[in-house]
Amino acid sequence: MFNQFKTRAEGVSAEVHRFSTPAEALDFLVGFVRAEGVADQPGQYGVFADCPFLAAVDRQQLEAVAGMSFAVTREQAAGAKVGISQLDWALADTGTLVQDATAVDKRLVSTLPTIHVALIATSGLRADMPAWLAEIKPESANYIAMITGPSRTADIERVLTIGVHGPERLVIVFIDQLGGTH
Amino acid sequence: MQQEFKQSIDKALHNANLTGALGKFSEAYKVNRAKAYEGIDFEALRTTIAGLKGYAASHLEELSDQFQKNAEAKGAKVFRTNDPAKVREYILKVAQENGVRSVVKSKSMATEEIHLNPYLEKAGIEVGETDLGEWIIQLAGQTPSHMVMPAIHMTKEEVADLFSKEVDERLASDIPRLVKVARNELRPKFLKADMGISGGNMAVAETGSIALVTNEGNARLVTSLPKIHIAVVGIEKLVAKFSDIGPILKALPRSATAQLLTSYVSIISGPTPNSDGSMKDLHIILMDNRRSEMAADPMFKEAMQCIRCASCLNVCPIFRLVGGHVFGKVYTGGIGTILTAWYDELKSSEDIQGLCIQCGACKDVCPGKIDIPGLIMELRRRLVKEQGVPLLQKSIYAVVNNRRLFHSMLRAASVAGKPFSKGTKFIRHLPMFLAELTDGRSLPAIAAKPFRDVFKTIEQPKGLKEKAVFYGGCLIDFAYPEMGVALVKILNRAGIEVLFPEGQTCCGAPARYNGAYETAAGNAADNIEALLAEPADYVISACPTCTVALDHEFIVTFESLGRKKLLPQARELAAKTIDFSTLVKKLVDEGRLSLKEGQQLGAITYHDSCHLKRTLKADQAPRQLLAQAGYELTEMFECDTCCGMGGSYSLKLPEISAPILQRKLKNIKDTGAPVVAMDCPGCVMQIRGGMDQDGAAVRVRHTVELIADQLKD
């Protein structure tokens with residue numbers, strides 16, 4: 001299922017990575033935000049929505065990066081280069097990520113920044129939408145968000161253009177040993 | 001047709017940007033859509049969707065109640081109304097009570113339908129469309145020309161001009177740069193907006209959820225940043241169960257934009273926290289605006305199965321020439337014609353229903369399984385019922401029904417037109433007001449002797465076991481009697497005697513396609529009497545439009561007029577009716593008819609006639625026959641796209657018919673084949689006439705003529 005997901009997600013311009021432990025993923029994230037120039041200035045902030053991943057790692061490494069914040073405000077998200085959040089499911093047949101995004105910070109970090117980094121436990125993979133629909137209870141999630149690749153438009157002369165209102169890049173990070181939620 | 005309407009068509013046809021953009025898009029769409037549906041059983045999927053949407057359409061009140069109850073239990077405020085004015089008032093009231101100064105909107109056809117923006121703006125509220133296409137047309141002061149791609153009619157240069165004015169800076173027409181400008185301009189509007197207004201692609205009764213399907217991410221911002229969110233949802237968006245989202249989400253993006261899934265889908269099932277910790281003020285407006293009347297109509301209920309993908313626009317040979325603005329209202333294209341007739345009024349569809357050429361391409365791709373051309377025919381019928389048949393048309397039908405008179409009039413016109421036909425088989429130019437009819441297409445000269453007289457001179461072998469009644473139809477009878485002669489020769493060789501009942505008359509298609517069902521029913525009754533008078537094994541026709549009339553439409557016409565008396569006979573006739581290629585293929589397969597062996601006849605290309613392929617589903621039989629005869633088939637691009645004939649369509653809207661024909665001629669010539677075959681004398685008339693004026697050395701033949709030449713002695 002992972003391979004199918006990767007093919008589909010890359011087919012819609014997402015970037016897909018996979019790590020076996022949260023610690024390895026953390027190393028990747030620290031390197032990534034530094035490489036993207038996250039800093040304590042508007043337009044360059046990094047914002048991280050609270051999630052189980054943060055509880056599973058030593059977040060001090062990320063806190064050490066200037067401009068990273070974990071209590072997300074709208075202003076910070078609007079001025080962020082990178083937004084990071086954890087998603088709940090991944091649908092292999094379309095390369096789609098799904099999240100209970102009831103908490104607004106999860107949406108702020110995945111809509112306003114230029115880059116969205118999406119963390120996902122490999123155990124969250126499902127074959128397709130019907131498989132996921134059979135599991136979900138919308139009663140407990142007032143805002144379910146599905147994300148398939150970065151923001152796109154073809155409204156001018158039908159030319160596909162990436163990054164209109166949402167993120168220009170979607171970086172998906174699978175973590176094998178980030179169990180628990182499913 | 002209204003002069004104003006004709007002028008808007010003319011304007012669209014001369015807009016090279018528009019026809020170029022739409023033409024390219026429709027070509028790419030066909031290929032990409034097929035790719036997106038790879039591995040999916042489309043028939044099964046659309047049957048599921050038609051089932052669940054059909055269920056919702058017949059339980060609107062119940063599902064609305066359930067939706068309201070469930071959404072309110074989750075903390076949303078639900079407002080239900082039939083009246084567009086009440087929707088506008090409700091939104092303004094919420095805005096004023098909360099001191100709203102600015103609104104951001106994500107794409108919503110329902111709010112376009114009720115002209116919400118000017119209403120709010122008049123009350124001093126700033127309204128910003130945020131979907132890129134909608135923002136472009138808002139800046140241009142226009143209405144959407146396409147349901148999914150509102151600004152498809154505009155070029156990047158036009159967009160650059162609009163944006164330049166908006167940002168007060170001269171912008172180049174670089175698309176990624178223009179998209180960036182939109183992002184930067186709209187971002188502050190999102191952040192300062194006090195209210196977000198969205199539509200809804202689905203409303204789930206079971207959970208009180210609304211689903212929003214977008215690519216740009218604007219709906220996520222509209223529903224997340226402002227403290228108030230109002231969703232305006234037409235009640236046709238209701239579905240019963242949460243799991244119903246699955247099939248619709250499978251079809252909607254594939255049919256709309258050939259995507260497996262859009263970038264974003266948001267399912268909102270109640271208020272969520274705002275970024276300052278307060279809770280969202282969530283309002284959902286369930287708008288009826290004549291939808292429940294539509295659902296109560298036994299025929300138009302089907303239109304409630306629409307999921308607003310606009311694939312009927314994307315495959316329409318007319319839409320790609322004229323675009324959306326000629327439709328004059330909010331909803332465009334095939335389904336738009338139907339929605340306009342209901343949401344606005346029947347009279348509003350008077351002109352635009354005439355744009356449909358009845359080729360059936362949209363019916364094939366509709367994920368809601370809606371018979372769009374059938375419903376447009378029903379609009380025609382109701383318009384005629386309300387307004388009567390125009391006098392000129394009435395007198396034409398009277399002539400058409402009198403075969404002798406019809407032939408002698410055509411013949412007289414043809415002889416009078418002799419200076420124009422210059423001794424060829426064509427009338428190349430007609431004088432004055434008739435000139436348009438030969439613009440890009442020569443008309444066939446009328447045969448000196450109609451087939452009904454030629455038939456009497458044919459000596460058929462004695463003692464043939466089977467009998468077939470031949471239904472000639474106008475064109476074979478009057479313009480192409482040689483096709484009839486070829487048919488008799490083929491059937492005789494297979495041991496079938498051909499009968500040609502004199503009492504047969506027009507198949508009624510011209511009347512029916514113009515909504516004159518009473519006339520069509522009269523034609524049906526006369527033909528049933530003539531064709532069933534003598535016992536026969538088959539009733540054969542070499543015109544797919546006539547075949548469809550005999551095989552389907554006599555029954556449908558009687559049924560829609562509530563005339564039961566002749567139904568059994570109509571069914572008896574339908575059971576015997578068969579098209580030329582299907583019968584002859586069968587005769588060859590059974591060994592009753594032999595074709596010359598080892599013939600190498602060279603390349604041929606085949607044009608699918610709309611009725612043969614899409615109603616009779618007989619597109620393979622002629623191809624196989626021609627291959628068996630020794631032709632090598634080279635398929636043309638868009639082989640099953642209409643040639644623009646459409647019966648009287650090419651007379652009423654020659655300016656649209658002509659460019660459709662030009663495209664067909666090009667596709668034929670591009671194959672390099674010296675012969676193009678088809679099974680419809682109407683298509684022969686259109687394409688042969690077109691080739692004549694084009695001057696290309698491509699022979700245009702009916703399959704019957706080609707096969708008659710290849711019979712084994």
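Reported count of residues in the stretch B:112-136, each being more than 30 Å from A:Val159 (Cβ to Cβ) and part of a loop (DSSP other than H, G, I, E, B), is 5. The condition of being within 14 Å of another protein chain (Cβ to nearest Cβ), polar (S, T, N, Q) and more than 19 Å from B:Ala231 (Cα to Cα) holds for B:Asn17. Checked against (1) closer than 22 Å to B:Ile357 by Cβ; (2) touching a residue at least 60 places away in the same chain (Cβ under 8 Å); (3) in a helix (DSSP H, G or I), B:Gly644 passes all but condition (3). Within the stretch B:204-222, residues that are closer than 21 Å to A:Pro150 by Cβ sit with their Cβ atoms under 6 Å from residues that are basic (Lys, Arg) and part of a strand (DSSP E or B), at 6+ positions apart or across chains, in these pairs: B:Asn215/A:Arg152.
Every residue in the stretch A:151-172 that is in contact with a strand residue (DSSP E or B) (Cβ under 6 Å, 6 or more places away or on another chain) and either of a type in the set (S, T, N, Q) or surrounded by 24 or more Cβ atoms within 10 Å (Cβ to Cβ) (or both), please. Across the stretch A:151-172, the qualifying residues are A:Arg152, A:Thr153, A:Thr161, A:Val164, A:Pro167, A:Leu170, A:Ile172. Is there a residue in the stretch B:254-269 that is assigned to a helix (DSSP H, G or I) and either among the acidic types (Asp, Glu) or in contact with a strand residue (DSSP E or B) (Cβ under 6 Å, 6 or more places away or on another chain) (or both)? No, the stretch B:254-269 contains no residue that is assigned to a helix (DSSP H, G or I) and either among the acidic types (Asp, Glu) or in contact with a strand residue (DSSP E or B) (Cβ under 6 Å, 6 or more places away or on another chain) (or both). In the set (1) crowded, with 21+ Cβ neighbours inside 10 Å; (2) touching an Asp or Glu at 6+ places or on another chain (Cβ under 9 Å); (3) hydroxyl-bearing (Ser, Thr, Tyr), the condition left unmet by B:Thr111 is number (2).
Applying the criterion of being part of a loop (DSSP other than H, G, I, E, B) and touching an Asp or Glu at 6+ places or on another chain (Cβ under 6 Å) to the residues of the stretch B:461-513, the residue that is nearest to B:Val384 (Cα to Cα) is B:Thr505.
Taken together, the residues in the stretch B:600-627 that are under 20 Å from B:Lys363 (Cα atoms) and touching a helix residue (DSSP H, G or I) at 6+ places or on another chain (Cβ under 9 Å) amount to 13. Filtering the stretch B:256-281 to residues that are more than 9 Å from chain A (Cβ to nearest Cβ) and of a type in the set (A, V, I, L, M) leaves B:Ala256, B:Ala258, B:Met279. For the residues B:Ala516, B:Ala494, B:Ala536, the requirement of being closer than 30 Å to B:Ala658 by Cβ and of a type outside the set (S, T, N, Q) singles out B:Ala516. When residues in the stretch B:437-493 are screened for being touching a Gly at 6+ places or on another chain (Cβ under 8 Å), surrounded by fewer than 21 Cβ atoms within 10 Å (Cβ to Cβ) and within 26 Å of B:Glu590 (Cβ to Cβ), 3 of them pass. Of the strands (runs of 3 or more DSSP E) contained entirely in the stretch A:81-182, those carrying at least 1 residues that are under 13 Å from the mean Cα position of the chain (by Cα) and at the interface with chain B (Cβ under 8 Å from one of its Cβ atoms) fall at A:96-100, A:143-147. The residue of the stretch A:5-34 that is nearest to A:Lys81 (Cα to Cα), among those that are touching a Lys or Arg at 6+ places or on another chain (Cβ under 9 Å) and in a loop (DSSP other than H, G, I, E, B), is A:Ala14. In the stretch B:1-100, counting only helices (runs of 4 or more DSSP H) that sit wholly within it, the ones holding 3 or more residues that are surrounded by fewer than 17 Cβ atoms within 10 Å (Cβ to Cβ) and at pLDDT below 95 span B:3-13, B:16-36. In the stretch B:246-255, the condition of being among the aliphatic types (A, V, I, L, M) and at the interface with chain A (Cβ under 9 Å from one of its Cβ atoms) is met by at least one residue. Looking at A:Asp155, A:Asp88, A:Asp105, just one residue is without any contact (Cβ under 8 Å) to a residue 40 or more places away in the chain and of a type in the set (D, E, K, R), and that residue is A:Asp155. When B:Asp709 is tested against the conditions (1) within 24 Å of the chain's Cα centre (by Cα); (2) within 28 Å of B:Lys586 (Cα to Cα), the lone failure is (1).
The values are calculated or read from the model by the stated rules, or taken from the named source; none is laboratory data. Just so it is clear, the model here is predicted, and its values are computed rather than measured. Glycine also receives a Cβ, built like all others from the backbone with ideal geometry; neighbour counts cover every protein chain displayed.
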